[in-house]
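Peer 1: Mind having a look at this structure? Questions to follow.
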């Protein structure tokens with residue numbers, strides 16, 4: 001599951017969008033990871049790999065750099081890397097389409113916070129897809145058990 005998503009400008013690490021799950025139990029720890037993400041943004045530069053996964057405690061940061069913007073998601077370690085990067089690629093495409101020309105002109109953090117609506121919608125679709133896949137897998141296992149019993 002995607003617990004936190006952030007988007008930042010690579011040249012100076014300025015956060016452009018940030019969103020996290022609303023969980024009171026993990027709220028304090030997510031803030032700690034949000035600070036780690038901000039430190040990571042400040043360390044990134046043109047020489048940084050375009051895609052990377054970084055372990056941080058029980059989670060993984062996955063990031064994607066496109067058009068001088070870094071898209072980052074923090075997920076549970078069991079969450080598929082492929083799904084995480086597909087999610088980031090989707091965000092990158094939509095963000096660039098809507099804000100690509102404005103990225104270098106903003107001076108205040110979280111200037112594009114309204115993009116959070118798209119992030120939430122995309123995250124919900126990702127979660128729904130995973131549930132559907134899990135449901136299909138369970139149904140296939142049930143069919144397989146039935147076939148084995150006969």
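Peer 1: Among the residues of the range 93-104, is there at least one that is more than 18 Å from residue 2 (Cβ to Cβ) and modelled with pLDDT under 90?
Peer 2: no
Peer 1: Still on this model: When you go through (1) over 23 Å from residue 104 (Cα atoms); (2) over 12 Å from the mean Cα position of the chain (by Cα); (3) surrounded by fewer than 14 Cβ atoms within 10 Å (Cβ to Cβ) one by one for residue 50, which number turns out not to apply?
Peer 2: Status for residue 50: all satisfied but (1).
Peer 1: The conditions are (1) assigned to a strand (DSSP E or B); (2) surrounded by fewer than 21 Cβ atoms within 10 Å (Cβ to Cβ), and residue 75 fails exactly one of them. Which is it?
Peer 2: So residue 75 meets the others, but not (2).
Peer 1: Could you please find all residues in the range 39-58 being touching a helix residue (DSSP H, G or I) at 6+ places or on another chain (Cβ under 9 Å) and part of a helix (DSSP H, G or I)?
Peer 2: None - no residue of the range 39-58 is touching a helix residue (DSSP H, G or I) at 6+ places or on another chain (Cβ under 9 Å) and part of a helix (DSSP H, G or I), so the list stays empty.
Peer 1: I'd like the full set of residues that are within 14 Å of the chain's Cα centre (by Cα) and surrounded by 15 or more Cβ atoms within 10 Å (Cβ to Cβ), limited to the range 103-125.
Peer 2: Scanning the range 103-125 gives 115, 116, 118, 119, 122, 123.
Peer 1: Looking at the range 59-68 only, could you name the residues that are in contact with a helix residue (DSSP H, G or I) (Cβ under 8 Å, 6 or more places away or on another chain) and either surrounded by fewer than 18 Cβ atoms within 10 Å (Cβ to Cβ) or under 14 Å from residue 11 (Cα atoms) (or both)?
Peer 2: Scanning the range 59-68 gives 66, 67, 68.
Peer 1: Taking residue 63 as meeting all but one of (1) in a strand (DSSP E or B); (2) within 23 Å of residue 120 (Cβ to Cβ); (3) at pLDDT below 95, write down the number of the exception.
Peer 2: All conditions pass for residue 63, except number (3).
Peer 1: Kindly establish whether residue 74 is touching a helix residue (DSSP H, G or I) at 6+ places or on another chain (Cβ under 9 Å) and modelled with pLDDT under 90.
Peer 2: No; evaluated as a whole, the condition is false for this residue.
Peer 1: Shifting gears a bit: Tell me which of these residue 98 doesn't satisfy, since it passes every other one: (1) outside any helix (DSSP H, G or I); (2) over 24 Å from residue 60 (Cβ atoms); (3) in contact with a helix residue (DSSP H, G or I) (Cβ under 9 Å, 6 or more places away or on another chain).
Peer 2: (1)
Peer 1: If the requirement is being surrounded by fewer than 20 Cβ atoms within 10 Å (Cβ to Cβ) and free of Cβ contacts under 8 Å to residues at least 12 places away in the same chain, which of these qualifies: 42, 82?
Peer 2: Within the list 42, 82, the selection yields 82.
The values are calculated or read from the model by the stated rules, or taken from the named source; none is laboratory data. These numbers come from a predicted model, not from an experiment. Cβ atoms come from the backbone with ideal geometry, glycine included; neighbour counts cover every protein chain shown.
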